[in-house]
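Everything below concerns the one structure shown next.
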Amino acid sequence: MRRHTRILVLALTFAVALAGLAQAAEYPRKPINVLIGFAPGGGSDVMLSMVRPLLERNLKTTLVPVYKPGAGSDIALTELASSKPDGYTAVISCTPQVPINPIVRQTQYKISDLVLAANVVSDPGIFVVRTESPYKTVADFAKAAKEQPGKLSLGVSSAPGDDWFAIHMFQEAAKVEVNIVTFSGDGPSWQAALAGHTEGSFNNLSIVYSQVKGGKLRALAMMTDKRSPFLPDVPTFKELGYNFTSGSSRGFSFPKDTPKPIITTFATAVKQVMDSAEFKTNAEKTAFPSDYQNPEEYIAYIKKLDSIYRPLWDKFGKTAVIQ
């Protein structure tokens, strides 16, 4: 009886594997919806726009952006978790939101409900102000912030994102207190700084690079270990005496139980795009910080970030206004 049961299980497993291979062989057959958990104009938009034309060409289908902003991308991630695992619904998975959200609040999904397919970008943090701002350096801003505790406002994407964590690390390192203003995405954050509604924005390089190069925003410091080759004249917080770094990664994820051959097909297509001369040229022009990671590398990366952000949340989470 046990032998027959084992044979039945093996047969079913083999049948499922064959079905998955058959699905992948004809994948994709229709457009793929890509859920975006933030407002248009932010980092997820930038990432998708960079890979979309070439990825559509490689996959011979259309990628359809579907905006689901709010709750630090929880709305999009919750919808993904309940979507059919057939390869036709993906999400732009961002850090630190993916590892930290289920820790800071009751979510309707777990990390295990996602299949991490391919990371595309690891985007360093940057501090920007409008060009008309009186703050020419981080020292200028820190001095003013000490003179007016809690008065100067800095914008971030919704808490607890990488910008939010970075501002807390800056406040601690500089011994200042600022008014943290949260927005529905990186785009609205820098736009508020440009309009003068906030004194500045803690943001990401790829999102504000064109505004910095166009002279509309002034970059005061990068949140990296070394200066960025894209903005070599901008100092790092570390060299200015503030010992912290920060950034955000963005990639593609699918619902749990999506057949592995489909994930492999999609991840391989992403890698082919990012290895192409056309993509590399565009990335160089736009300061797009490419960082391809295959499914195994992406999973290991998320686990590493989880170990980093948990203690930061324990330290700063009591002040968070969760959106």
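Here ALA139, ALA145 are screened, and the one residue that is buried (at least 22 other Cβ atoms within 10 Å of the Cβ), over 24 Å from the mean Cα position of the chain (by Cα) and part of a helix (DSSP H, G or I) is ALA145.
Screening ARG130 on (1) in contact with a helix residue (DSSP H, G or I) (Cβ under 6 Å, 6 or more places away or on another chain); (2) open to solvent by less than 10 Å² (accessible area, probe 1.4 Å) shows it passes everything except condition (2). When the residues of the stretch 226-265 are filtered to those that are closer than 19 Å to TYR309 by Cα and in contact with a strand residue (DSSP E or B) (Cβ under 7 Å, 6 or more places away or on another chain), the one that is surrounded by the fewest Cβ atoms within 10 Å (Cβ to Cβ) is GLY247. Can you confirm whether TYR298 is surrounded by 15 or more Cβ atoms within 10 Å (Cβ to Cβ) and either closer than 21 Å to ALA90 by Cα or without any contact (Cβ under 8 Å) to a residue 12 or more places away in the chain (or both)? Taking the combined requirement at face value, the residue satisfies it. List the pairs whose first member sits in the stretch 98-115 and is free of Cβ contacts under 8 Å to residues at least 12 places away in the same chain, whose second member is open to solvent by 20 Å² or more (accessible area, probe 1.4 Å) and not in a helix (DSSP H, G or I), and whose Cβ atoms are under 6 Å apart, counting only residues at least 6 apart or on separate chains? What qualifies is PRO102/LYS110. Does VAL120 satisfy being buried (at least 22 other Cβ atoms within 10 Å of the Cβ), among the hydrophobic types (A, V, I, L, M, F, W, C) and in contact with a Leu (Cβ under 6 Å, 6 or more places away or on another chain)? It is false that VAL120 is buried (at least 22 other Cβ atoms within 10 Å of the Cβ), among the hydrophobic types (A, V, I, L, M, F, W, C) and in contact with a Leu (Cβ under 6 Å, 6 or more places away or on another chain). Checking LEU80, LEU63 one by one, the residue that is free of Cβ contacts under 8 Å to residues at least 40 places away in the same chain and closer than 18 Å to PRO255 by Cβ is LEU63 and no other. The helices (runs of 4 or more DSSP H) found wholly in the stretch 247-323 and carrying at least 2 residues that are modelled with pLDDT under 95 and either of a type in the set (A, V, I, L, M, F, W, C) or more than 16 Å from the chain's Cα centre (by Cα) (or both) occupy 277-286, 295-316.
Of all the criteria given as (1) open to solvent by 10 Å² or more (accessible area, probe 1.4 Å); (2) in a loop (DSSP other than H, G, I, E, B), the one not satisfied by PRO160 is (1). When the stretch 189-200 is filtered for residues that are within 14 Å of GLU132 (Cα to Cα) and open to solvent by less than 10 Å² (accessible area, probe 1.4 Å), the ones remaining, listed by number, are ALA192, ALA193, THR198, GLY200. Within the stretch 109-118, identify whether any single residue is more than 30 Å from PRO261 (Cα to Cα) and either touching a helix residue (DSSP H, G or I) at 6+ places or on another chain (Cβ under 8 Å) or in a strand (DSSP E or B) (or both), and answer yes or no. The answer is no, given that none of the residues of the stretch 109-118 is more than 30 Å from PRO261 (Cα to Cα) and either touching a helix residue (DSSP H, G or I) at 6+ places or on another chain (Cβ under 8 Å) or in a strand (DSSP E or B) (or both).
Out of curiosity, is VAL181 farther than 27 Å from VAL51 by Cβ, out of contact with any Ser or Thr (no Cβ under 9 Å at 6 or more places or on another chain) and among the hydrophobic types (A, V, I, L, M, F, W, C)? Considered against the rule, which asks whether it is farther than 27 Å from VAL51 by Cβ, out of contact with any Ser or Thr (no Cβ under 9 Å at 6 or more places or on another chain) and among the hydrophobic types (A, V, I, L, M, F, W, C), VAL181 comes out as no.
Close Cβ contacts (under 7 Å, 6 or more residues apart or on different chains) running from residues in the stretch 198-223 that are among the acidic types (Asp, Glu) to residues that are assigned to a strand (DSSP E or B) comprise GLU199/VAL129; GLU199/SER153; GLU199/LEU154. Given the condition assigned to a loop (DSSP other than H, G, I, E, B), hydroxyl-bearing (Ser, Thr, Tyr), out of contact with any Lys or Arg (no Cβ under 8 Å at 6 or more places or on another chain) and under 21 Å from VAL273 (Cα atoms), answer yes or no: does some residue in the stretch 57-69 qualify? Looking through the stretch 57-69, at least one residue is assigned to a loop (DSSP other than H, G, I, E, B), hydroxyl-bearing (Ser, Thr, Tyr), out of contact with any Lys or Arg (no Cβ under 8 Å at 6 or more places or on another chain) and under 21 Å from VAL273 (Cα atoms).
In the set (1) surrounded by fewer than 24 Cβ atoms within 10 Å (Cβ to Cβ); (2) closer than 18 Å to MET50 by Cβ; (3) not small (Gly, Ala, Ser), the condition left unmet by LYS84 is number (2).
If you go through the stretch 89-112 and pick out every residue that is open to solvent by 20 Å² or more (accessible area, probe 1.4 Å) and modelled with pLDDT of 95 or more, you end up with 1.
The values are calculated or read from the model by the stated rules, or taken from the named source; none is laboratory data. What you see is a predicted model, and the numbers here were worked out from it, not measured in a lab. A quick note on method: Cβ atoms are made from the backbone with ideal geometry, for glycine too, and the neighbour counts reach across all protein chains shown. When the accessible area is computed, the model is the full protein with side chains, heavy atoms only, and any ligands, DNA or RNA have been set aside. Shrake-Rupley method; radii C 1.70, N 1.55, O 1.52, S 1.80 Å.
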